[in-house]
Amino acid sequence: MEHRIPVVSKREKRFYTIFFAVLLTFFAVATLLTQYNPFALLFQGGAFWEFLTQDFLPPTLKDPAGILSAILTTVALAISATSCALVLGFVAAVFASPRTSIFPRAGKVLRALVTLVRNIPSLIWAFILFSALGIGTGVAFVALTISSFAFMTRTFIEVIDELADSSLEALTAAGANFPQKVVHAVLPNCLMDFIEWYLYSMELNIRSSTIVGMVGGGGIGLVLFTYIKSFNYPAAAGIILIIAVLVIGVDRLMAYTRKKVLNEA
Amino acid sequence: MNQSSQQLAVQPSRWGFPQARERSGGKIPVKAPGQDRVLKIFFGTCAVLSVASFLFLEVDWLKLLSRVPNMGESFVKLFTFDFTGFSSTLSAFGESVSMTVLATIYSAVLGILFGAFMSRNLVKNRLAVGALSAAFTFVRAVPSVVWVLLVLVCLGFGPATGIVGLSVHSIAFFAKAYAQSFDDVGGDVVEALTVVGANRLQIFFRGILPAALSSIVAWFSLRVETNFSESTVLGMVGAGGIGFVISSNIQNYRYGRAGVAIVMVFLFAYLVETGFSKMKRAYLMDH
């Protein structure tokens, strides 16, 4: 005589059953393919600790001036690429969104292009660009801009698509042309969402510019990569701490800005 | 002229509109000065910082532009597919997908565990929660490629390196996301179960976990996408998988082969993304 009140509806329950069954299948196949055994790693844990405590710690700092300029390069890369992508992404989104576009067909092509760019990881783009244009911060800037441009265009299109019909319809009825619609309907209604995504992209790009730096973009990522490749682990540990502080600091700053700009406004 | 403008200004008041609205040439004020000031400061700062950092980079744009034709050439070469050595590309692709799946599953399980220890609904000791979440904040702040590089030093070349390296960052991500999901379940569920005498384990498994299941699946699917893109990147810093195929082929000027691998990455990422978004819309959005 046990009565149970189901917490999850029947339809959802079936979905979860299928989901976990598929997951289990993938898990089994992947384990077979890679022969990965996490418990075997536990027995190697000693070696890991030894590496961590003897080779890695304590972190040291060498050449603080060089590191500072490397940090500045990384930050400058992130800021300039994000801002450039913001402007390009806004223009592209206005033309690509079916709600506002004056060239619907071109908009479709643009959306397909953005999907293509977005689904290929940014480091692969960086690699293609480095092989064609040579290494350097300029190319890293282009690579970062391309991937955040794709990201922002996609999110901006979604924001514009969710824009309530009323304001665009009212402007169309009053005979507003394309730039008027953009300035008086899209901008005031979507500005806060655009800022929100801009700040989020900034957080992402601080991380990305570190990674793109590793494969040839310069900045703090390259410094870290050189230290690791030359087995200078204590110095690498110092750089890792600096990267962590940088990323956390930027996250905090963005959270503060978000609160200031989006709440007060 | 003067008279006519006066007439115009008077007209709206016939329908009882307040006269004050008419002041600035018939415009209805839609702006709040306080908001405008904050936005002006924000955009001003952003513009100054952007221009300053752009100049700081000191990029030789002429040289860069002169190489743009190479770019087109590279793309043509990438898209003239070369299917020789396709079986090794396929097995590397399988390795990347396997690394993604295993890393995400193992870290989701551990993430649920740590998330439970970080949830305010379950653990009352603020100090322990704070210490745990600070540690995970640090782990998340370091890009996962860096973790992979460090694991590479310890474990050497192989799929285990990729899985462990991806897991480090993913566990920290899941711990935070799931702790948040468990907190979002709300006090009423916990209270109801506490009242009937459930212990903490029962509260977690009977109350919180079922209620948070949809967000667990949502975060999981998001992380599968991220981990796949990370796993393709691993090869470029020296771990295995499809990334190694891409980078080594590009370095050896076998663009056709790299092109095939890149298209595979794109197709898989695209399928996963559309699949998950369809799944979410069909099953998870309706509550």
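No value in this document is a laboratory result; all are computed from the given coordinates. These figures come from a predicted structure and were not determined experimentally. Using ideal geometry, Cβ is built from the backbone for each residue, glycine included, and neighbour counts are taken over all protein chains shown.
Maximal additional length on extending the residue B:68-residue B:137 stretch stands at 20.8 nm, based on 0.36 nm per residue less the C-alpha distance.
What number, in percent, do you get for the relative contact order of segment A:48-169 if the mean sequence gap of Cα pairs under 8 Å and at least 6 apart is divided by its residue count?
Numbers: 96 pairs, mean separation 40.8, N = 122.
The normalised contact order for segment A:48-169 reaches 33 percent.
Compared with the dominant principal axis of the Cα atoms in chain A, helix A:233-258 is inclined by about 20°.
When you restrict to C-alpha pairs under 8 Å that are six or more residues apart and normalise by the size of chain A, the relative contact order lands at 26 percent.
Modelled spin-label separation between residue A:65 and residue A:22, with each label point placed 7 Å from Cα along the Cα-to-Cβ direction: 5.8 nm. Once the dipole of segment B:144-286 is set up with Lys and Arg at +1 and Asp and Glu at -1 on Cβ about the Cα centre, which of B:185, B:247, B:201 lies farthest towards its positive end? My answer, from the dipole projection, is B:247. Principal-axis analysis of the Cα atoms of chain A puts helix A:10-34 at an angle of about 40° to the longest axis. Other residues within the sphere of radius under 11 Å centred on the Cβ of residue B:84, judged by their own Cβ, net out at +1 (K and R +1, D and E -1). For chain B, which longest stretch is free of loop sites, where a loop site is one of the trypsin sites (Lys or Arg not before Pro) that DSSP puts outside H, G, I, E and B and that has at most 11 other Cβ atoms within 10 Å? The segment B:125-287 is the longest one with no such site. Taking all Cα pairs closer than 8 Å and separated by 6 or more residues, the relative contact order of chain B comes to 24 percent.
I'd like the distance separating the alpha-carbon centroids of segment A:152-183 and segment B:213-287, in whole Å. Computed from Cα coordinates, the inter-centre distance equals 33 Å.
Rounded to the nearest 10 degrees, the inclination of helix A:220-229 to the longest alpha-carbon principal axis of chain A is 30 degrees.
Given the peptides B:45-53, B:96-104, arrange them by the average over their residues of other C-beta atoms within 10 Å, most packed first.
Values: B:45-53: 14.6, B:96-104: 28.0.
In descending order of packing, they fall as B:96-104, B:45-53.
Ignoring lysines fewer than eight residues from residue B:40 along the same chain, the ones with Cα atoms less than 26 angstrom from its Cα are A:181, A:259, A:260, B:27, B:31.
Please give every one of the lysines within straight-line cross-link reach of residue B:77, meaning a C-alpha to C-alpha distance under 28 Å, and leave out same-chain neighbours fewer than 8 residues apart. Partners within reach: A:108, B:63. Cross-link reach is defined here as a Cα-Cα straight distance under 14 Å, omitting same-chain residues fewer than 8 places apart; for residue A:10 the aspartates and glutamates meeting it are B:286.
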